[in-house]
Each structure stands twice: as structure tokens, then as C-alpha cells.
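The values are calculated or read from the model by the stated rules, or taken from the named source; none is laboratory data. Not measured: the values here are computed from a predicted model. Note: accessible area is taken over every heavy atom of the protein model, side chains too, but ligands, DNA and RNA are not part of it. Shrake-Rupley method; radii C 1.70, N 1.55, O 1.52, S 1.80 Å.
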Amino acid sequence: MATKKVTVTIPEDLLDEIRAEAAERGLSAYVAEALRFKRDRDRLSELVGWLQEEHGPVTEDERAAVVDELEDLDAEHERRRATGRHNAGEAA
């Protein structure tokens, strides 16, 4: 895969945190992954907008169910971080 070097400005405290998280993967790989994630979220947001136009807005019950699921995922993420188990390929 072709790559291109670019210059970006990042707040120093955020850069320190990212470097600590990136560790062996390296800063470039971490940033590329984060940008892909952001791009995918933007595309998903466009899809949600389209679906809401077609099917109406999300109900409060639907929203609450999603929030509950996200809280469960966050708790699992924190549990894995605390135990040092954060292999992306590992099954939940």
C-alpha cells in the first residue's frame, strides 16, 4: 500500500497519550487507524441520516437500548485494559 508523509498539528497532551497507546504499533499506524475509524463513522452518520429520512427518527426506546449496549461495551473495554487483554482479534 502506498503511503505519503504529511504534517499535522496535534495538542501536546494528546500526542503524549497517543504515543503511550501506540507503543509497538507506532504513531503512524495508530493515526492511520484512527483516521479510518473517523471516516467510517462519518459514512455511518450519513447512512443514519438517510435511514431517518426514509423511516423516521430513532425513538427514545431505541436510543436507550443503544446507550445501554455502548455502556456494556465500554465496561468490557475497560475490563480488558485493566487486565492487559486488548488484542483486537480476540473474541468478546
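So the values come out like this:
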{"read-out": "Of residues in region 25-42 being open to solvent by 90 Å² or more (accessible area, probe 1.4 Å) and not small (G, A, S), the one nearest to R81 (Cα to Cα)", "value": "R25"}
{"read-out": "Unique match (being at positive phi and open to solvent by less than 80 Å² (accessible area, probe 1.4 Å)) among G56, G49", "value": "G56"}
{"read-out": "Region 10-24 - residue that is open to solvent by 100 Å² or more (accessible area, probe 1.4 Å) and within 18 Å of the chain's Cα centre (by Cα) and, of those, nearest to R81 (Cα to Cα)", "value": "E17"}
